[in-house]
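Engineer: Okay, here's the structure, questions in a sec.
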Amino acid sequence: MSTMFQTLYDWFWWDRLWLPVSLTWSDLEDKEGRVYAKASHLYVTVPYSIVFLVVRYLFERFVATPVAASFGIGDKIRQKAPDNVILEKYFCSCSRNPTQLDIDGLSKKCIWTRRQVERWFRKRRNQDRPGLLKKFREASWRFVFYLLAFIGGLIALYDKPWFYSTREVWVGFPKQTMLESQYWYYILEMSFYVSLLFSIAFDDFKEQIIHHLATLTLLAFSWCVNYIRIGTLVMITHDASDVLLESAKLFNYAKWETTCNSIFVVFAIVFMVTRLIIFPFWLIHCTWVYPVEMYPAFFGYYFFNAMLVVLLLLHIFWAYLILRMVRKFLFGNNGDDREFEALQSNTREHAWHERLFHHRRSPVTLYITRISPLTGDERSDEEEEDEEGASNATEEEEEARQKVSNGAGTRALNGTRSLQATAPAY
């Protein structure tokens, strides 16, 4: 067994996989005054990530919570779903969002109506969602980190020639000594993402786990093969827009709509510039074109560029969703408005469509609830509560209309009887 593991280890770290031809790992050992990044350095991210978790707890409790209170932010009292063993078992083991066919089957098992089963699942999902206060504290923590990371990245890079000319990224590669500023920029960023991974490890947010693992894989690979210069440029490019998004979230939770919308517009512009212009036309161009001018292409070259292209595809998808949300907010949807007018005469649908088409959300709210991501359930608390309110309103209107109908029928029957009693007999 040990021989097999040793064979796999040797194959994984084979020079020809990760390094250009004629170079070996021995060329990246510390010598001649040069210090290189090593895979063993990454072990320190584990204790540092634990430190991040402790600092985060203290920050959220003693800084973010008082700030949230000053904005009047607190958690809403949510209705608890009634105890039901059958529905709880299905919710935990099968799905949080049952299909209509499953709802029919569950309603028969529980001897409940379909409406009662749907309402139970809505309430149960809301119980697991983070409250407004928790989301504000988490966004505050990420905002502070991304802001400090962006400032630290600028300090580490502003005087470096590769910050202004991407050709300088590959000068002397791979025998490029690691600077102390690069070491701390990488280690702190990776420790932060490891701490995020720990914080959601017990949650059912598979998308977030995959995202953080992919980020850590990209950073770890660039560290091990000494792609540190391009790695720092990629990090600062992403931190620039992340700062604005988290700040927009904060003002959105605080109900400062004007400030939130203004920051979101700036975020959208910065996102497009950094991730759809600078990232592909400067950074990917730098990693795709310049290395093969010095060395023949090798597996590590294709692997790194493939990950960057996948990241670019995600950027394009997110940019499309951002622009669609902004368009809906700025220009509305005439088709939806006409549909609402056509359906306004339908009493049963009136309450729902009124909330859907006339309660226009800010663009950052739309982005947070429909894109940002990476949560197991994309629907927001407000959407669920609106739907719950619409369902209640619809049922109340239906009951009232039924009562009116029954009352009219009773009055008509009584009137008929009165006429029969008073009518003269012929």
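Engineer: If a residue has to be in contact with a Ser or Thr (Cβ under 8 Å, 6 or more places away or on another chain) and closer than 30 Å to residue 252 by Cα to count, how many in the range 96-121 make the cut?
Structural biologist: 2
Engineer: Could I ask something else about it? Only one residue in 153, 172, 105 is within 30 Å of residue 23 (Cβ to Cβ) and in a helix (DSSP H, G or I). Which one?
Structural biologist: Matching residue, one of 153, 172, 105: 153.
Engineer: Turning to a different aspect of this structure: For the range 63-92: of the residues being open to solvent by less than 80 Å² (accessible area, probe 1.4 Å) and of a type in the set (Ser, Thr, Tyr), which is farthest from residue 127 (Cα to Cα)?
Structural biologist: Only one residue tops the list, namely 65.
Engineer: On to the next question. Looking at 183, 164, can you tell me which residue is at pLDDT 85 or above, open to solvent by 30 Å² or more (accessible area, probe 1.4 Å) and closer than 25 Å to residue 26 by Cα?
Structural biologist: Unique residue meeting the criteria: 183.
Engineer: I would also like to ask the following. For residues in the range 1-48 being among the aromatic types (Phe, Trp, Tyr) and part of a helix (DSSP H, G or I), which is least open to solvent (accessible area, probe 1.4 Å)?
Structural biologist: By that ranking, first place goes to 18.
Here is a yes/no grid of residues against (1) more than 22 Å from residue 211 (Cβ to Cβ); (2) part of a helix (DSSP H, G or I); (3) touching a Pro at 6+ places or on another chain (Cβ under 8 Å); (4) not assigned by the TED database to the domain that holds residue 219:
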residue: 292; (1), (2), (3), (4): yes, yes, no, no
residue: 295; (1), (2), (3), (4): yes, no, yes, no
residue: 302; (1), (2), (3), (4): yes, yes, no, no
residue: 305; (1), (2), (3), (4): no, yes, no, no
residue: 308; (1), (2), (3), (4): no, yes, no, no
residue: 316; (1), (2), (3), (4): no, yes, no, no
residue: 319; (1), (2), (3), (4): no, yes, no, no
residue: 323; (1), (2), (3), (4): no, yes, no, no
residue: 327; (1), (2), (3), (4): yes, yes, no, no
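Engineer: What residue, of 160, 135, is over 30 Å from residue 301 (Cβ atoms) and of a type outside the set (Val, Ile, Thr)?
Structural biologist: Within the list 160, 135, the selection yields 135.
Engineer: Another question, then. Please work out which one of (1) assigned to a loop (DSSP other than H, G, I, E, B); (2) under 24 Å from the mean Cα position of the chain (by Cα) is the condition residue 190 fails and give its number.
Structural biologist: All conditions pass for residue 190, except number (1).
Engineer: Continuing with the same structure: Considering 125, 96, 115, which residue is modelled with pLDDT of 90 or more, among the basic types (Lys, Arg) and not assigned by the TED database to the domain that holds residue 66?
Structural biologist: Going through 125, 96, 115 in turn, just one is modelled with pLDDT of 90 or more, among the basic types (Lys, Arg) and not assigned by the TED database to the domain that holds residue 66: 115.
The values are calculated or read from the model by the stated rules, or taken from the named source; none is laboratory data. Please read these numbers as outputs of a predicted model, since none were measured by experiment. Positions of Cβ are backbone-derived with ideal geometry, glycine not excepted, and every protein chain shown enters the neighbour counts. To get the accessible areas, we keep the full protein, side chains included, count just its heavy atoms, and leave off ligands, DNA and RNA. Shrake-Rupley method; radii C 1.70, N 1.55, O 1.52, S 1.80 Å.
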